[in-house]
Amino acid sequence: MGEKILVVDDEKEIADLVTLYLEGEGFTVFCHYQAADALACIREEKLDLAILDVMLPDMSGFVLCRKIREHYQYPVIMLTAKGEEMDKITGLTLGADDYITKPFLPLELVARVKAQLRRYKQYNAGGVEEEDILTCGGLVLNERTHECLLHEKPLLLTPTEFTILCILCKNRGKVVSAEELSMQIWGEAYFSKNSNTVTAHIRHLREKMGDSFENPRYIKTVWGYGYKIEG
């Protein structure tokens, strides 16, 4: 394995415990308790995934996530307080790929990490085959290289955003429910009950595509059913 993972949490006990479990799975872990040290690590190391606590003493985890997304597309998992639904939605809107609520089981976090890394590596495997290319209404998606063009202009997408577009394009003209999207992306029944997660990603995708909520040209909401894309 050996993938490099950044863990940032000012609760030392949690950060150290997460580090212990991840290292036990063969990952290389950079553990920090404040954002300033994490930023230095982000600049110096070639990371594969970041785990960020929302509440940090010197900088919000949201701001740290946004700074990562300015330059990097590797997966980001946010750690949020129990019951803070707005924290989850905010993190996803800023480009996070997943979130986990405290308190959590370390083995659950490890499973989430592995799932995100599998998808990220799949998108960055390299090589181009004709069957890897999806085209739909001005969109061109390369499933192998994780590249996306909209009317010949590149879109910088997170792995989760890219997956959503791929699913919708493969089901062009058909409605895909939030539950179906959740199950195909995360593969866990937990997510199928939380449509806000998908909604946040859809909103962020529309912003990147220059689309509007009221009259979308690309991703259309079919009220009471789900989402579809045509073209």
(request) Could you tell me whether any residue of the stretch 118-131 is in contact with a strand residue (DSSP E or B) (Cβ under 9 Å, 6 or more places away or on another chain) and modelled with pLDDT of 85 or more? (result) no
(request) Go over the candidates T93, T19, T101, T28 one by one and state the one that is touching a residue at least 12 places away in the same chain (Cβ under 8 Å) and within 23 Å of L155 (Cβ to Cβ). (result) T93
(message) Can you tell me how many residues within the stretch 136-160 are touching a helix residue (DSSP H, G or I) at 6+ places or on another chain (Cβ under 8 Å) and either β-branched (V, I, T) or touching a residue at least 60 places away in the same chain (Cβ under 8 Å) (or both)?
(response) 9
(request) Could you tell me whether any residue of the stretch 213-220 is open to solvent by 90 Å² or more (accessible area, probe 1.4 Å), modelled with pLDDT under 85 and of a type in the set (D, E)? (result) yes
(request) Could you run through the stretch 200-209 and say how many residues are open to solvent by 20 Å² or more (accessible area, probe 1.4 Å) and touching a residue at least 60 places away in the same chain (Cβ under 8 Å)? (result) 2
(request) Within the stretch 134-183, count every residue that is in a helix (DSSP H, G or I) and open to solvent by less than 50 Å² (accessible area, probe 1.4 Å). (result) 14
(message) So for the stretch 34-41 (the condition being in a helix (DSSP H, G or I), touching an Asp or Glu at 6+ places or on another chain (Cβ under 7 Å) and surrounded by fewer than 16 Cβ atoms within 10 Å (Cβ to Cβ)), does at least one residue qualify?
(response) yes
(request) Take I5 and decide whether it is in contact (Cβ under 8 Å) with a residue 12 or more places away in the chain, under 22 Å from Y120 (Cβ atoms) and touching a Leu at 6+ places or on another chain (Cβ under 6 Å). (result) yes
(request) Kindly provide the set of residues from the stretch 1-33 that are in a loop (DSSP other than H, G, I, E, B) and of a type in the set (F, W, Y), ordered by number. (result) F27, Y33
(request) Please find, within the stretch 182-196, the residue that is modelled with the lowest pLDDT out of those that are in contact with a Ser or Thr (Cβ under 7 Å, 6 or more places away or on another chain) and closer than 19 Å to T158 by Cα. (result) F191
(message) With the requirement that a residue be open to solvent by 40 Å² or more (accessible area, probe 1.4 Å), out of contact with any helix residue (DSSP H, G or I) (no Cβ under 6 Å at 6 or more places or on another chain) and over 16 Å from I100 (Cα atoms), what does the stretch 42-59 give you?
(response) R43, E44, E45, K46, D48, P57
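The values are calculated or read from the model by the stated rules, or taken from the named source; none is laboratory data. Keep in mind that what you see is a predicted model, and the values were worked out from it rather than measured. Glycine also receives a Cβ, built like all others from the backbone with ideal geometry; neighbour counts cover every protein chain displayed. Side chains included, ligands, DNA and RNA excluded: accessible areas come from the protein's heavy atoms. Shrake-Rupley method; radii C 1.70, N 1.55, O 1.52, S 1.80 Å.
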